[in-house]
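Only one structure is covered here, and it is reproduced in the block below.
The values are calculated or read from the model by the stated rules, or taken from the named source; none is laboratory data. Just so we're clear, the structure is a prediction, and the values are computed from it rather than from any experiment. Cβ coordinates were reconstructed from backbone atoms using ideal geometry, including for glycine residues, and neighbour counts include every protein chain displayed.
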Amino acid sequence: MKPSRRFLLLLSLVLVVIGAIIVWLPSDAGKAKSRYSTVTLDRGAIRKSVAANGTLNPLVLVNVGTQVSGTIQKLLVDFNDRVQKGQTLVQLDPALFNAALAQSRANLKSNEASLKLAEANATRTQHLFERGYVPRIEWDQAIQTVSSARAGIEAAKALVLRDETNLRYSTILSPVSGIVISRNVDIGQTVAASFQTPTLFSIAENLKRMQIDTTVAEADVGGIKVGQLASFTVDAFPGRDYEGVVRQIRLNSQVLQNVVTYNVVIDVGNPDESLLPGMTAFVNIC
């Protein structure tokens, strides 16, 4: 009896395993079948696209500097401020400019007085010369003195104009209407105008139209033409696709790690101003 029970138990166990295998195989086949789909073979055109990375920049970026040296007395704009053309950005301390202008105006008055005296002396010398009381050389010297006094007045007027211009330049105005992208100065800072004018502000004229400056290798630049469409994405807005148009392929090549590259400029619309200057764009040019 014991061997027969053991045999039946073993047989039952084998049947259970076989049943489990039978149940499992159709399920797995169904899963495998659901992982694949079939389509009808078709013929189509192959489209070549060029992938490149680039940087978003404003179309027009104006660097505002100073033509005169001085200490910043007033700072009237800050980052991200919208400014209008002719709006005051910075006021330099005008004390030295006012003093120089006052001195040049005083010199002009002194030269005007000298001219009046020279003209009066010349008139008297002319009368004396005509009557024979003074020699010709004194008359010539009187005329020369008048000419020198007139030249002195012209020089003094030029100095007045120069100092007036410097005083006007102490008030730095915005050359364009736009948005302040960067500010590189603070109140109390001394700026020096030299051979390289310091940049006080960078102003983007319009952020609703931007451009992407991309770097394309010489092996790919031959497939790019002006007017081609381009799509791109930015990390700030994953899943959102933007579009642009190739505006320019600049001929000024650069060599990066022994690879010749060209700058391809792409025009981009930015009506909602969501794209910001300096963002990295991942571009596909079709």
inquiry  = If I ask for residues that are free of Cβ contacts under 8 Å to residues at least 40 places away in the same chain, under 20 Å from Leu207 (Cβ atoms) and crowded, with 18+ Cβ neighbours inside 10 Å, which ones from region 231-256 would you list?
reply    = Tyr242, Gly244
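Conditions (1) closer than 16 Å to Leu89 by Cα; (2) of a type outside the set (Lys, Arg); (3) part of a loop (DSSP other than H, G, I, E, B), marked per residue:
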| site | (1), (2), (3) |
| --- | --- |
| Thr165 | no, yes, no |
| Ala193 | no, yes, yes |
| Leu200 | yes, yes, no |
| Val245 | no, yes, no |
| Val260 | no, yes, no |
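Please pick out the residue among Asp213, Asp241, Asp220 that is out of contact with any Leu (no Cβ under 6 Å at 6 or more places or on another chain) and within 24 Å of Val64 (Cα to Cα). Let's see the steps before the verdict.
Values: Asp241 fails: within 24 Å of Val64 (Cα to Cα); Asp220 fails: within 24 Å of Val64 (Cα to Cα).
Every option except Asp213 fails the conditions.
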message = Scan region 126-133 and tell me whether some residue there is at pLDDT 95 or above, acidic (Asp, Glu) and farther than 30 Å from Asn184 by Cα.
response = no
key: Top-ranked residue of region 49-67 - restricted to ones that are of a type outside the set (A, V, I, L, M, F, W, C), more than 14 Å from Ala230 (Cα to Cα) and surrounded by 20 or more Cβ atoms within 10 Å (Cβ to Cβ), ranked as modelled with the lowest pLDDT   = Thr66
key: In region 215-230, the residues that are assigned to a strand (DSSP E or B), touching a residue at least 60 places away in the same chain (Cβ under 8 Å) and surrounded by fewer than 17 Cβ atoms within 10 Å (Cβ to Cβ)   = Thr215
request  = Give the residues of region 167-184 that are closer than 29 Å to Pro277 by Cα and outside any loop (DSSP other than H, G, I, E, B), sorted by residue number.
outcome  = Thr171, Ile172, Leu173, Gly178, Ile179, Val180, Ile181, Ser182, Arg183
task = Residue by residue through region 262-286, note down the ones that are surrounded by 11 or more Cβ atoms within 10 Å (Cβ to Cβ) and of a type in the set (Asp, Glu).
result = Asp267, Glu273
ask   = Quick one: in region 133-184, which of the residues that are out of contact with any helix residue (DSSP H, G or I) (no Cβ under 8 Å at 6 or more places or on another chain) and surrounded by 18 or more Cβ atoms within 10 Å (Cβ to Cβ) is nearest to Ser114 (Cα to Cα)?
value = Ile172
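Quick check on Ile187: is it touching a Leu at 6+ places or on another chain (Cβ under 6 Å), of a type in the set (A, V, I, L, M) and not in a strand (DSSP E or B)? Reasoning before the result, please.
Working: touching a Leu at 6+ places or on another chain (Cβ under 6 Å): yes; of a type in the set (A, V, I, L, M): yes; not in a strand (DSSP E or B): yes.
Yes; evaluated as a whole, the condition is true for this residue.
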ask   = Out of curiosity, is Ile212 in contact (Cβ under 8 Å) with a residue 40 or more places away in the chain, surrounded by 11 or more Cβ atoms within 10 Å (Cβ to Cβ) and over 20 Å from Pro58 (Cα atoms)?
value = no
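Would you please name the residue that is farthest from Val50 (Cα to Cα), looking only at residues in region 219-242 that are within 22 Å of the chain's Cα centre (by Cα) and not aliphatic (A, V, I, L, M)?
Going through the qualifying residues, I end up with Asp235.
Yes or no: Val259 farther than 16 Å from Leu56 by Cβ, crowded, with 16+ Cβ neighbours inside 10 Å and modelled with pLDDT under 95?
On the way: farther than 16 Å from Leu56 by Cβ: yes; crowded, with 16+ Cβ neighbours inside 10 Å: no; modelled with pLDDT under 95: yes.
No; evaluated as a whole, the condition is false for this residue.
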